Amino acid sequence: MIFWGIKSKTLREGSFNDVHCEYCNETETYMEYTFIQKYFHLYFIPLFPLRKKTVVYCDDCGVEYYNRKIPKEAAKKLNHIQDRFPIRTPIWTFSGLFIITLFFCWAFYQSDKHEVVEGDYVKNPKKGDVYYTEFKPLLYSTLRIDKVDKNNIYFTYNDTSVIKYTKVFFITGDKYYSDKKGIFTRQKLERLYKKDSIISVTRK
Ligand SMILES: [Zn+2]
């Protein structure tokens with residue numbers, strides 16, 4: 001289950017006096033105010049900010065006003081306060097977005113790096129390299145290199161194949177390889193890699 005929701009954080013509190021409360025009709029009442037930032041969280045990590053909320057509390061009758069319901073005089077005072085000391089959306093409310101962006105940059109960098117390494121493996125194959133192949137559409141298996149010489153790559157076929165690529169990593173143990181041997185030229189290996197028949201390469 002994904003755990004997410006909305007949380008609030010008090011940005012500033014304060015008070016002013018001599019304002020009219022529309023509820024108790026007191027004309028010189030003392031009021032307390034709170035500026036609140038709402039934000040969306042995922043597993044308690046702030047993801048992005050939502051709107052701000054302003055609450056004003058009348059000390060005489062105890063009524064609470066929110067946002068647009070705040071009486072004119074009080075709203076005017078709040079505006080003055082905000083003009084002098086602007087209430088900004090705290091940067092930490094974007095933490096999650098920042099983390100996600102970092103993660104994608106990292107993943108992108110890794111996949112790029114991976115590509116370079118694999119390309120090098122294919123150009124310069126070595127004994128023990130394992131090639132993950134899609135030898136028929138949606139049928140995956142592996143082959144393992146036994147020997148390499150100037151022109152050719154000698155390998156053993158995996159006896160097992162799977163219909164999901166993610167499962168192919170479970171059939172790499174020694175017991176899956178018999179003595180079904182094969183030979184490719186180096187060019188053919190590179191061609192298969194470019195064609196995506198070879199999906200991935202690992203080297204120990
Ligand atoms: Zn009041």
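The values are calculated or read from the model by the stated rules, or taken from the named source; none is laboratory data. Nothing here was measured: the structure is a model prediction, and the numbers come from that model. Methodologically, a virtual Cβ is constructed for each residue, glycine included, from the backbone with ideal geometry; neighbour enumeration extends over all protein chains shown.
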- Task: Being part of a strand (DSSP E or B) and over 30 Å from residue 98 (Cα atoms) is the filter; apply it to the stretch 46-69 and report the residue that is farthest from the ligand (Cβ to nearest atom).
- Result: 66
- Note on the structure: The residue from 121, 109 that alone is hydroxyl-bearing (Ser, Thr, Tyr), under 19 Å from residue 202 (Cβ atoms) and assigned to a helix (DSSP H, G or I) is 121
- Hey, can you tell me all the residues within the stretch 4-33 that are within 16 Å of the ligand (Cβ to nearest atom) and assigned to a strand (DSSP E or B)? 15, 16, 17, 18, 19, 29, 30, 31, 32, 33
- Message: Just to be sure before I move on: is residue 41 without any contact (Cβ under 8 Å) to a residue 60 or more places away in the chain and either away from the ligand (no atom under 16 Å from the Cβ) or closer than 21 Å to residue 84 by Cβ (or both) in the structure I sent?
- Response: yes
- Item | Pair list, Cβ < 8 Å and 6+ apart or interchain, from the stretch 168-193 residues that are more than 14 Å from residue 152 (Cα to Cα) and assigned by TED's automatic domain parsing to the domain that holds residue 128 to residues that are of a type in the set (Val, Ile, Thr) and part of a helix (DSSP H, G or I) | 193/122
- Specify which of the listed residues (185, 142) is within 25 Å of residue 116 (Cβ to Cβ), exposed (fewer than 12 other Cβ atoms within 10 Å of the Cβ) and of a type in the set (S, T, N, Q). 185
- Message: On the basis of being farther than 15 Å from residue 14 by Cα, out of contact with any Asp or Glu (no Cβ under 8 Å at 6 or more places or on another chain) and surrounded by 17 or more Cβ atoms within 10 Å (Cβ to Cβ), does residue 71 make the cut?
- Response: no
